[in-house]
Amino acid sequence: MKRVLLINPNSTASMTESMLASARSVAPHVAFTGWTSTDGPPAIQGEADGKLAEPPLLELVTRAGADFDGIIIGCFDDTGLAAANGIAGCPVIGIGQAAFTMAMLRGLPFSVVTTLSVSVPVIEQNIRGYGLTPWMRRVRASELSVLETEDESDAAMGRIADEASLAVAQDGCGCIILGCGGMSRLAEAVRSRVSVPVLDGVEAAARLIGALG
């Protein structure tokens, strides 16, 4: 069985557990382990938080050594992804990268519904860096914080679903991408309220890394 490490670059352990549950639900043939970066910020919201989170994240990537067949970086900003690929002894993918790639492979132009406005420029820059700008329609902020996405309340889900519905109506997108690892637990609820496919980065990363030889 393939061994995959999911690293949460923020220090919120409950988010690590919710991402692990999502990954295991779609790739039961993979043995997932979750590590939380206890020296990272509680949430990664924008470029400044990403810079703080990267050094302890890379320490965990180094510590993983040859014990795993793949690593998932569980932050939609793909924090430290390029540097991690340079030091890891196995494939490393980010959940943002995986979601964008999955949309492209399915031939679906996408809009992203993320957390706060401060995260939008980072995500847009990543999409440009991956060469996927032609597939992007818009990156939208729900103005929910990362930690608020951990709340499974109707209010949190409703705000994400409302923004996703606006994207479908206004952006000409063929799918919605949920732009935060913490939104993974809300994916099914959002799918029930949106008329186009809803892609979750954690699920996408689990499927893609499970398919790698």
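Tell me which residues, restricted to the stretch 28-48, are β-branched (Val, Ile, Thr) and touching a Pro at 6+ places or on another chain (Cβ under 7 Å).
Selection gives 44 alone.
Could you grab me the full set of residues in the stretch 67-119 that are of a type in the set (D, E, K, R) and in the same structural domain as residue 143 (by TED's automatic domain parsing)?
106
Return a yes/no flag: does the stretch 123-131 have any residue that is closer than 17 Å to residue 202 by Cβ, outside the structural domain of residue 46 (by TED's automatic domain parsing) and at pLDDT 95 or above.
Yes, the stretch 123-131 has at least one match.
Here is a yes/no grid of residues against (1) of a type in the set (Lys, Arg); (2) modelled with pLDDT of 95 or more; (3) under 17 Å from residue 46 (Cβ atoms); (4) not assigned by TED's automatic domain parsing to the domain that holds residue 70:
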site: 135; (1), (2), (3), (4): no, yes, no, yes
site: 145; (1), (2), (3), (4): no, no, yes, yes
site: 153; (1), (2), (3), (4): no, no, no, yes
site: 173; (1), (2), (3), (4): no, yes, no, yes
site: 177; (1), (2), (3), (4): no, yes, no, yes
site: 187; (1), (2), (3), (4): no, no, no, yes
site: 193; (1), (2), (3), (4): yes, no, no, yes
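Is there a residue being closer than 25 Å to residue 14 by Cα, buried (at least 18 other Cβ atoms within 10 Å of the Cβ), more than 15 Å from the chain's Cα centre (by Cα) and not hydrophobic (A, V, I, L, M, F, W, C) anywhere in the stretch 114-125?
There is no residue in the stretch 114-125 that is closer than 25 Å to residue 14 by Cα, buried (at least 18 other Cβ atoms within 10 Å of the Cβ), more than 15 Å from the chain's Cα centre (by Cα) and not hydrophobic (A, V, I, L, M, F, W, C).
The values are calculated or read from the model by the stated rules, or taken from the named source; none is laboratory data. These figures come from a predicted structure and were not determined experimentally. Glycine also receives a Cβ, built like all others from the backbone with ideal geometry; neighbour counts cover every protein chain displayed.
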